[in-house]
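These notes are about the structure you will find just below.
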Amino acid sequence: MKGVVYKSTGSWYTVKALNGTFFECRIKGKFRIEGIKSTNPIAVGDHVVFEVETKGDETIGVIHEIEPRENYIIRKSVNLSKQTHIIASNIDIAFLIITLNNPPTFTTFIDRFLVTAEAYHIKAVLLFNKIDTYSEDELLEVKYLAALYRSIGYECIGISAKTGKNIEKVKQLMTHKVSMFSGHSGVGKSTLINTLEPGLNLKTSEISSQHAQGQHTTTFAEMYDLSFDAKIIDTPGIKGFGVVEMEKEELGDYFPEFFELKEHCKFHNCLHLQEPKCAVKAALEHEEIAWSRYKSYLQILEGEEEHYRKDIYTNE
Ligand SMILES: Nc1nc2c(ncn2[C@@H]2O[C@H](COP(=O)(O)OP(=O)(O)O)[C@@H](O)[C@H]2O)c(=O)[nH]1
Ligand SMILES: [Mg+2]
Ligand SMILES: [Zn+2]
């Protein structure tokens with residue numbers, strides 16, 4: 001039988017078969033996935049093949065195959081620094097919920113999220129929430145930001161989780177897909193999920209103060225079906241979506257508007273810093289690239305990665 005992993009507790013996996021039935025499954029044999037050393041061979045979101053075995057009055061599934069992943073997000077294992085833990089896989093859309101103030105979401109945070117999404121090959125959508133509360137000036141700022149990110153290719157929607165404004169648009173994007181929601185505490189994740197699916201109470205990024213003080217959370221990701229044929233992956237204890245390690249030369253490739261210009265830089269491995277005849281710097285001077293984006297690029301490049309890994313994207 002084929003199915004999708006909805007929950008994993010380490011040794012048991014809850015798999016939903018194509019016919020809709022849930023099975024508690026174990027793994028058979030060793031699963032080695034090329035290129036990654038992970039502590040867990042199977043993650044929430046994985047498409048697996050399993051067989052049902054009945055022993056007495058007990059029915060269990062045995063997973064013996066995993067289908068290739070479209071993408072996956074990881075975190076570092078706490079103790080074994082070389083090992084990674086796969087948080088979830090096969091994510092269609094990562095939504096970032098943004099508020100201008102209360103709390104503020106800075107463009108550097110947005111850009112880091114987008115870089116991570118690019119590196120993971122996950123479609124990112126920006127939701128500007130609480131638009132029911134904004135002054136005219138603030139609305140102009142939202143419009144500016146939305147126009148900026150749209151020009152780079154990202155879908156942006158102004159929403160109100162409270163009044164329901166544009167929630168239908170979000171639902172449309174989510175239909176037939178697997179989504180994840182991220183954003184600072186207080187931006188309205190819980191409110192939005194409740195508006196999308198009243199009664200569903202996810203723990204998304206709900207990090208209690210004890211956890212924030214350095215305790216490792218042992219909570220696991222979990223997938224939920226919504227009533228309008230959409231799926232959500234909840235990742236309690238993980239603020240953004242995991243970590244990505246990359247070479248310096250790679251970073252510019254995850255800024256789509258930089259990547260597009262890269263072939264016009266004199267040097268093929270141009271870091272867009274002080275190199276002569278850099279097409280990115282030229283575009284920046286002609287205001288074809290936003291300074292905020294270039295600033296984020298520099299910040300990520302110049303060794304704030306450590307900070308980024310530890311404080312912003314995980315709570316470890
Ligand atoms: N006015 C307004 N308030 C909102 C909206 N969305 C969330 N809130 C409020 O913002 C606060 C934080 O929301 P919550 O969903 O708990 O944020 P979370 O920490 O991201 O889960 C709550 O007081 C919500 O009522 C919105 O669209 N408009
Ligand atoms: Mg919440
Ligand atoms: Zn360059």
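The values are calculated or read from the model by the stated rules, or taken from the named source; none is laboratory data. Please read these numbers as outputs of a predicted model, since none were measured by experiment. Neighbour counts run over all protein chains shown; Cβ positions are idealised from the backbone, glycine included.
What to note about this one:
- Test: residue in region 37-59 that is outside any strand (DSSP E or B), of a type in the set (Lys, Arg) and surrounded by fewer than 18 Cβ atoms within 10 Å (Cβ to Cβ): yes
- Residue within region 168-183 that is at pLDDT 95 or above, under 17 Å from Ile98 (Cα atoms) and surrounded by fewer than 17 Cβ atoms within 10 Å (Cβ to Cβ) present: yes
- Single residue of region 99-135 satisfying the filter (among the basic types (Lys, Arg) and not in a helix (DSSP H, G or I)) that is surrounded by the fewest Cβ atoms within 10 Å (Cβ to Cβ): Lys123
- Of the set (1) modelled with pLDDT of 95 or more; (2) part of a loop (DSSP other than H, G, I, E, B); (3) over 24 Å from Asn19 (Cα atoms), all apply to Ile91 but (3).
- Unique match (being at pLDDT 95 or above and on the phi < 0 side of the Ramachandran plot) among Val15, Val78: Val15
- Tally, over region 214-267, of residues that are assigned to a loop (DSSP other than H, G, I, E, B), modelled with pLDDT under 95 and farther than 25 Å from Met180 by Cβ: 1
- Leu251 vs. criteria closer than 16 Å to Ile300 by Cβ, near ligand 3 (Cβ under 9 Å from one of its atoms) and either in the same structural domain as Leu114 (by TED's automatic domain parsing) or out of contact with any strand residue (DSSP E or B) (no Cβ under 7 Å at 6 or more places or on another chain) (or both): no
- For region 157-173, the count of residues that are in contact with a helix residue (DSSP H, G or I) (Cβ under 6 Å, 6 or more places away or on another chain) and closer than 17 Å to Phe106 by Cβ is zero.
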